[in-house]
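Colleague: One structure coming up, written as structure tokens, with questions to follow.
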Amino acid sequence: MVRPPFDNFTKPDAAPTVISSSRRLLSRLRDTMAGDGEPQERLDSIVSIIAADLVAEVCSVYVLRAGDILELFAATGLSPKAIHLTRLAIGEGLIGAIASQAKPMALQDAQNNPAFVYRPETGEEIFHSLVGVPILRGGRVTGVLAVQNRTRRHYTEEEIETLETIAMVIAELIAGENLIGIDEHKEGGGHALLPVTLDGVRLSGGIAVGKAIQHEQRAQVLTLVAEDTEEEKNRLNLAVGEMHRSIDEMLEAKEMVLGGEHREVLETYRFFAEDAGWLARIKEAINTGLTAEAAVEKVRNDTQARFGKQTNPYFRERLHDFNDLANRLLQHLLGKNGVINKDDLPEKFILFARNMGPAELLDYDRSQLSGLVLEGGSTTTHVAIVARALAIPVVGRVVAALDNIEQMDTVIIDGNEAKIHIRPADDIYQAYTNKMAVWAQRKATYTSTRDLPAETKDGIRIRLDINAGLPSDLDHLRQTGADGIGLYRTEISFMDSNKFPDVNRQADLYKRVIDGANGKPVVFRTMDIGGDKRVPYWNSEKDENPAMGWRAVRISLDKPTLMRHQMRALIRAAGERDLSLMFPMVTEVSEFDAALDLLNTELDRAKQKRKKLPKDLSVGTMLEVPALAFQLPSLLKRTDFIAVGTNDLFQFLFASDRSNPDLANRYDPMSPAALSFLHDLVNTCLKANVPVSLCGEIAGEPLEAMALIGLGFRHLSMAPTSIGPVKSMVRSLSASDLEQHLESLTDFSDLSMRRILRTFAMDNSVMI
């Protein structure tokens, strides 16, 4: 007979007794902790209870003090005069060893152990056996719990587990009852802390070292019922005015004046702050008898209840902006201006938060804030956009980040590798110190090469463009020395609007982009909305699989008026200048033909109305769907250029959702399958004399960009921050040597070519 899983499953006979005994002990400890008396008195009672329950002649608690010193805080069975007198350094004696290793220790003959250190004031020379466990909280050693017996006793695994559970209870007593002052926690060193490395998602590159600071995001409302509603409205109006002024001051900061996507984010934030509907709802709540603070909280809760389950990134980001604004308004109502006092913070710190808004980030002094760690977040999170503009390293989606830190812990944030090192070991700390020195040298190199061409050592010119999506991104052309804009995402303006932009509005926007490029080429991608890129005014049904759903050119062809209006706007914006545009998510040649027909219709319309026409019109398509690659011979006869979008292409190629963390690192773009696909694609385009570019994320990584050049790509488009590193790589590379090296590799059995490429770079002094 097949037995169902877990049916009739039991532990050995002794286990239930041990469990029941443990529960009784914890119950007694809980009652003691909840009772009256000073914390020291309750701790004294706890050690007596533990000793009696475990039939131990000694029970002692050592607490970590400033300077990595373990002080005997409570004991039964040892000499009372030893309490608060006996002290051991981390690593000193058996107690110090338990703390330094953060592991339990059980010995039948403790005194003969080489690590044993005798303290005459304790009177412990008569006790032979010992078992001790570290007291841990948030991954940090805060003390040691130990029991001793005269006899050479063997402590069971169950007894050790019971002690570990009790140690968790004691940890909360130590932390919650101020047995140790907060100043001592700040002064404490790091030898008793457990090193922790956490992984996340890269939101902003860079490396920094600093002390951990937890961001307190939510203001607390204590008074709910108003005595005078008119007075509460007056208080609200004053607080709103103060909030508006503080946001204006942020926009006037030197980092924001020059413009960019980050400024657009803050201007949108200000727009929400001035939303009349939001403020009207707060005043309505005040009319019901609530204080201004309670009214703000009520409207926040109502909004959260209505939209909190939204999965659309656009709506979720807007909801977070409203939450941020509500908290900011509460701070002004409660007499807190939201500005963190510089004197209360260390010289350099790493900020930890579950999530936060862009304005909250700007509350902190930029000269002190070195990095940001988020438990949530994405690359499009507004705080990440602002952080990138300020060159602040950010790692997001770090699971349990706040649970693993204490205030003032030493932290290394590696935004390039998306890693967080909390309380790092000395060798890790030194390695990153050296890495930061190298990084500083490289940044200086990137600046010095800004106005130099991206040309290989053997004279091959590589075109390096930036990806953009807002007119403010044009500043990056000048700042980075990029050759042009290889991908202008027109859908961003659709997503940031509360209604579908008409032809005039679109034309004005595109004209600003062309004008701002100052003669440098711009490639416009027609709107790639739908799927996971939803717009607030678009009431489409949710796709079960957004990446493969109704999106991009599929929507445009089903609703041709939308595409025609966009093409009309692009033609008008170009005037008699050059115009380049491309269609996203084309799956088969017939879709390209249909889109091209719509464009020709608009060109004919412009001719009939005697409108200005583009001097040179270049029409291409993105290659993101593998099916289109099998129609290349037919497609290349029709298109002026091909732009490879590897972000979507690779997830379709590997049948791997790029947003799934379980698969994020499963399939390497440097795998033989991916490189072979791209190599065949480039060769086919070159033979047909059709230009081909690549605008996926891999184009912005020096190692990956090097591989692409070796495959034959001569045109890459990337994030603005990647121009410097990639250009430095290009100028240190011999493209012909790399091509020969790749051609000589016939065995593609490895999961990735990354190791081979790194070796080539090291052997040939290529900057990656």
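The values are calculated or read from the model by the stated rules, or taken from the named source; none is laboratory data. The structure presented is a predicted model; accordingly, all values stated were derived computationally and were not measured. Cβ placement follows ideal geometry from the backbone for every residue including glycine, while neighbour counts extend to all protein chains displayed.
Colleague: Which one of the conditions (1) more than 15 Å from Leu374 (Cα to Cα); (2) buried (at least 21 other Cβ atoms within 10 Å of the Cβ) does Thr410 fail to meet, given that it meets all the rest?
Modeller: For Thr410, the exception is condition (2).
Colleague: So, in region 63-93, exactly how many residues are surrounded by fewer than 20 Cβ atoms within 10 Å (Cβ to Cβ) and in contact (Cβ under 8 Å) with a residue 40 or more places away in the chain?
Modeller: Residues that pass the stated criteria total 7.
Colleague: Moving to a separate point now. Could you please give the count of residues in region 356-374 that are buried (at least 18 other Cβ atoms within 10 Å of the Cβ), modelled with pLDDT under 85 and not hydroxyl-bearing (Ser, Thr, Tyr)?
Modeller: Total satisfying the criteria: 8.
Colleague: Still on this structure, I have one more. Confirm whether Ala629 is within 27 Å of the chain's Cα centre (by Cα) and of a type in the set (Gly, Ala, Ser).
Modeller: no
Colleague: Ok, one more. Would you mind finding the one in Glu121, Glu125 that is in the same structural domain as Ile160 (by TED's automatic domain parsing), closer than 17 Å to Arg152 by Cα and in a helix (DSSP H, G or I)?
Modeller: Going through Glu121, Glu125 in turn, the sole match is Glu125.
Colleague: Just name the residue that is modelled with the highest pLDDT out of those in region 517-535 that are farther than 30 Å from Pro453 by Cα and either hydrophobic (A, V, I, L, M, F, W, C) or surrounded by fewer than 22 Cβ atoms within 10 Å (Cβ to Cβ) (or both).
Modeller: Only one residue tops the list, namely Met527.
Colleague: Looking for something surrounded by 18 or more Cβ atoms within 10 Å (Cβ to Cβ), polar (S, T, N, Q) and in a strand (DSSP E or B) - is there at least one such residue anywhere in region 684-697?
Modeller: yes
Colleague: Taking into account only those residues within region 417-443 that are basic (Lys, Arg) and modelled with pLDDT of 85 or more, which is surrounded by the fewest Cβ atoms within 10 Å (Cβ to Cβ)?
Modeller: Looking at residues that are basic (Lys, Arg) and modelled with pLDDT of 85 or more, I get Lys419.
Colleague: If a residue has to be crowded, with 18+ Cβ neighbours inside 10 Å, modelled with pLDDT of 80 or more and in contact with a helix residue (DSSP H, G or I) (Cβ under 6 Å, 6 or more places away or on another chain) to count, how many in region 484-508 make the cut?
Modeller: So the answer is 2.
Colleague: Only one of these conditions is not met by Val58: (1) free of Cβ contacts under 8 Å to residues at least 12 places away in the same chain; (2) more than 46 Å from the chain's Cα centre (by Cα). Which number is it?
Modeller: For Val58, the exception is condition (1).
Colleague: Of all the residues that make up region 103-134, how many are surrounded by 17 or more Cβ atoms within 10 Å (Cβ to Cβ) and touching a strand residue (DSSP E or B) at 6+ places or on another chain (Cβ under 6 Å)?
Modeller: Within region 103-134, residues that are surrounded by 17 or more Cβ atoms within 10 Å (Cβ to Cβ) and touching a strand residue (DSSP E or B) at 6+ places or on another chain (Cβ under 6 Å) number 12.
Colleague: What do you reckon, is Gly143 farther than 30 Å from Ala401 by Cα and touching a residue at least 40 places away in the same chain (Cβ under 8 Å)?
Modeller: When the stated conditions are applied, Gly143 does not pass them.
Colleague: Give the residue, chosen from Ile460, Ile514, that is out of contact with any strand residue (DSSP E or B) (no Cβ under 9 Å at 6 or more places or on another chain), modelled with pLDDT of 75 or more and either of a type in the set (A, V, I, L, M) or buried (at least 21 other Cβ atoms within 10 Å of the Cβ) (or both).
Modeller: Matching residue, one of Ile460, Ile514: Ile460.
Colleague: Would you check if there is a residue in region 733-748 being modelled with pLDDT of 85 or more, closer than 24 Å to Gly205 by Cα and surrounded by fewer than 21 Cβ atoms within 10 Å (Cβ to Cβ)?
Modeller: Within region 733-748, none of the residues are modelled with pLDDT of 85 or more, closer than 24 Å to Gly205 by Cα and surrounded by fewer than 21 Cβ atoms within 10 Å (Cβ to Cβ).
Colleague: Report those strands (runs of 3 or more DSSP E) wholly inside region 140-218 carrying at least 1 residues which are at pLDDT below 70 and closer than 30 Å to Thr721 by Cα.
Modeller: In region 140-218, there are no strands (runs of 3 or more DSSP E) which contain 1 or more residues that are at pLDDT below 70 and closer than 30 Å to Thr721 by Cα.
Colleague: Another question, then. When region 391-405 is examined, which residues are found to be modelled with pLDDT of 75 or more and either among the hydrophobic types (A, V, I, L, M, F, W, C) or in contact with a Ser or Thr (Cβ under 9 Å, 6 or more places away or on another chain) (or both)?
Modeller: Ala391, Ile392, Pro393, Val394, Val395, Gly396, Arg397, Val398, Val399, Ala401, Leu402, Ile405
Colleague: Just to be sure before I move on: is Asp343 more than 30 Å from Glu231 (Cβ to Cβ), acidic (Asp, Glu) and either outside any helix (DSSP H, G or I) or modelled with pLDDT of 75 or more (or both) in the structure I sent?
Modeller: Against the criterion (more than 30 Å from Glu231 (Cβ to Cβ), acidic (Asp, Glu) and either outside any helix (DSSP H, G or I) or modelled with pLDDT of 75 or more (or both)), Asp343 does not qualify.
Colleague: Can you name the residue in region 64-82 that is outside any strand (DSSP E or B) and under 46 Å from the mean Cα position of the chain (by Cα) and, of all such residues, is nearest to Ile126 (Cα to Cα)?
Modeller: Here the residue is Asp68.
Here is a yes/no grid of residues against (1) in contact (Cβ under 8 Å) with a residue 12 or more places away in the chain; (2) hydrophobic (A, V, I, L, M, F, W, C); (3) part of a loop (DSSP other than H, G, I, E, B); (4) out of contact with any Gly (no Cβ under 9 Å at 6 or more places or on another chain):
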| residue | (1), (2), (3), (4) |
| --- | --- |
| Ile392 | yes, yes, yes, no |
| Val398 | yes, yes, yes, no |
| Gln407 | yes, no, yes, yes |
| Asn416 | yes, no, yes, no |
| Ile420 | yes, yes, no, no |
| Ile428 | yes, yes, no, yes |
| Tyr432 | yes, no, no, yes |
| Ala440 | no, yes, no, yes |
| Asp458 | yes, no, yes, yes |
